[in-house]
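Here is the structure we will look at, set down as structure tokens.
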Amino acid sequence: MAARKIEADTPELRAQWGDWTFTDANREKADWHIKKYPEGRQKSAVMPLLDLAQRQVGEETQTQGWLPLPVMEYIADYLDMPVIRVLEVATFYTMYNLEPVGKFHVQVCGTTPCMLRGSDDLIAACKARGMKKGHISNDGLWSFTEVECMGNCATAPMVQINDDNYEDLTAERLDTILDALAAGEQPKTGTQEPGRHTSEPAGGPTSLKEMVDANHDYRSEW
């Protein structure tokens with residue numbers, strides 16, 4: 001569902017990003033990642049270096065960050081590997097944004113467990129704020145992507161916004177989170193269900209209750 005289209009390589013893009021380099025701090029981090037791997041295997045660090053680059057671009061643009069083609073070419077040169085190999089990684093993993101995004105990248109899971117628990121309502125709430133696939137909202141705050149399973153089925157429906165997950169959502173709860181982010185606040189991450197801490201059963205366990213307080217041995221009861 002996520003769009004995987006690289007931003008067009010234009011003279012304007014080259015003018016803005018053609019001379020891009022790591023900051024001193026990120027160069028130090030990049031070299032630290034490279035040293036994790038044996039001599040001659042520096043290409044193995046491509047994923048953390050792409051992440052570093054995306055985050056630096058995000059800081060420079062006040063967005064979640066993305067990877068312009070000249071930036072990916074810089075990473076390829078840094079690791080002495082063909083540009084196409086960097087592109088193969090960046091286009092495969094949806095954690096890398098290939099086009100400009102807003103300050104907050106809202107990724108709504110639309111896979112079956114989330115869909116059955118109301119993800120359509122979450123998508124409608126996003127659209128009501130002017131979000132649509134492949135576009136940045138007019139105020140520059142929001143980018144929207146519908147994605148496949150992100151592994152929070154027990155607390156569905158959920159969204160990921162930049163680096164944080166928000167779970168057990170309703171349209172109203174999502175609106176509260178988006179309002180807080182727009183106001184410069186940091187809303188509570190994780191489950192939004194009152195009284196729930198992680199993915200434990202809502203309302204408490206219905207079986208194996210003795211395991212709550214002790215490592216109860218049930219074998220004699222089987």
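Tabulated data
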| read-out | value |
| --- | --- |
| Filtered residues of the range 148-162 (kept if more than 10 Å from Val106 (Cβ to Cβ) and not small (Gly, Ala, Ser)) | Glu148, Cys149, Met150, Asn152, Cys153, Thr155, Pro157, Met158 |
| Set Leu169, Leu178: member being assigned to a loop (DSSP other than H, G, I, E, B) and surrounded by 15 or more Cβ atoms within 10 Å (Cβ to Cβ) | Leu169 |
| Selection from the range 181-217 of residues that are charged (D, E, K, R) and part of a loop (DSSP other than H, G, I, E, B) | Glu185, Lys188, Glu193, Arg196, Glu200, Asp213, Asp217 |
| Helices (runs of 4 or more DSSP H) completely within the range 29-134 that count 1 or more residues being at negative phi, modelled with pLDDT under 95 and among the small types (Gly, Ala, Ser) | 119-128 |
| Subset of the range 153-166 that is touching a helix residue (DSSP H, G or I) at 6+ places or on another chain (Cβ under 8 Å) and not in a strand (DSSP E or B) - its residue that is most open to solvent (accessible area, probe 1.4 Å) | Cys153 |
| Single condition Ala15 does not satisfy, out of (1) of a type outside the set (Val, Ile, Thr); (2) loosely packed, with under 12 Cβ neighbours inside 10 Å; (3) within 23 Å of the chain's Cα centre (by Cα) | (3) |
| Residue that is farthest from the chain's Cα centre (by Cα) [pool: residues in the range 18-28 that are among the hydrophobic types (A, V, I, L, M, F, W, C) and either at pLDDT below 95 or surrounded by 13 or more Cβ atoms within 10 Å (Cβ to Cβ) (or both)] | Trp20 |
| Exclusive hit being surrounded by 14 or more Cβ atoms within 10 Å (Cβ to Cβ) and over 23 Å from the mean Cα position of the chain (by Cα), set Gln56, Gln42 | Gln42 |
| Qualifying positions in the range 181-204 - more than 21 Å from Gly130 (Cβ to Cβ), over 19 Å from the mean Cα position of the chain (by Cα) and either open to solvent by 70 Å² or more (accessible area, probe 1.4 Å) or small (Gly, Ala, Ser) (or both) | Pro194, Gly195, His197, Thr198, Ser199, Pro201, Ala202, Gly203, Gly204 |
| Evaluation of Leu174 against (1) under 30 Å from Gly203 (Cβ atoms); (2) more than 15 Å from the chain's Cα centre (by Cα); (3) free of Cβ contacts under 8 Å to residues at least 12 places away in the same chain (one fails), failing number | (3) |
| Failed condition for Glu146, given (1) among the charged types (D, E, K, R); (2) touching a strand residue (DSSP E or B) at 6+ places or on another chain (Cβ under 9 Å); (3) not in a strand (DSSP E or B) | (3) |
| When residues of the range 88-119 are limited to those that are more than 30 Å from Leu52 (Cβ to Cβ) and exposed (fewer than 14 other Cβ atoms within 10 Å of the Cβ), the one farthest from the chain's Cα centre (by Cα) | Leu116 |
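The values are calculated or read from the model by the stated rules, or taken from the named source; none is laboratory data. Model, not experiment: these values are computed from the prediction. Glycine also receives a Cβ, built like all others from the backbone with ideal geometry; neighbour counts cover every protein chain displayed. Only protein heavy atoms, including side chains, enter the accessible area calculation; ligands, DNA and RNA are left aside. Shrake-Rupley method; radii C 1.70, N 1.55, O 1.52, S 1.80 Å.
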